[in-house]
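The values are calculated or read from the model by the stated rules, or taken from the named source; none is laboratory data. Values in this document were obtained by computation on a predicted structure and should not be read as measured data. No Cβ is skipped: glycine too gets one built from the backbone with ideal geometry, and neighbour counts run over all protein chains shown.
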Amino acid sequence: MSPANAALTPRQRLAVARLIVDQGSPVSQAAKAFNRAWPTANRWADRYAAMGEAGNSSRPHRFPNRTSSELVRKIVRLRCWKRLGPIQIGETVGGPFTPPWSVAG
């Protein structure tokens, strides 16, 4: 389910792109029909033309700051099995939940 204030759902973005690329509709008319700015509709159409249906996804393709799966497992284990809170977990794993008073300076 898309957020209530999303610009358009992925299905609607695909419909705009198909209208422009597959049916040859002018970008300005397609954008007006879906109440979008023409540069946005043109961007969606370009992505659709280059990558097909996968081009209209807003999902990131890379996650450079992703937490390692080993650390996630450790945090979940501490949270679920040891019933530790965020401060105690931060002190244990040395993560962003570490309170400032516990860091040696």
| field | Those residues of region 24-39 which are charged (D, E, K, R) and assigned to a helix (DSSP H, G or I), in sequence order | value | K32
| said: Within region 41-64, does at least one residue satisfy the condition of being under 30 Å from E91 (Cβ atoms) and outside any helix (DSSP H, G or I)? | reply: yes
| Restricting the search to region 4-23, which residues are surrounded by 13 or more Cβ atoms within 10 Å (Cβ to Cβ) and either modelled with pLDDT of 90 or more or part of a helix (DSSP H, G or I) (or both)? | P10, Q12, R13, L14, A15, V16, A17, R18, L19, I20, V21
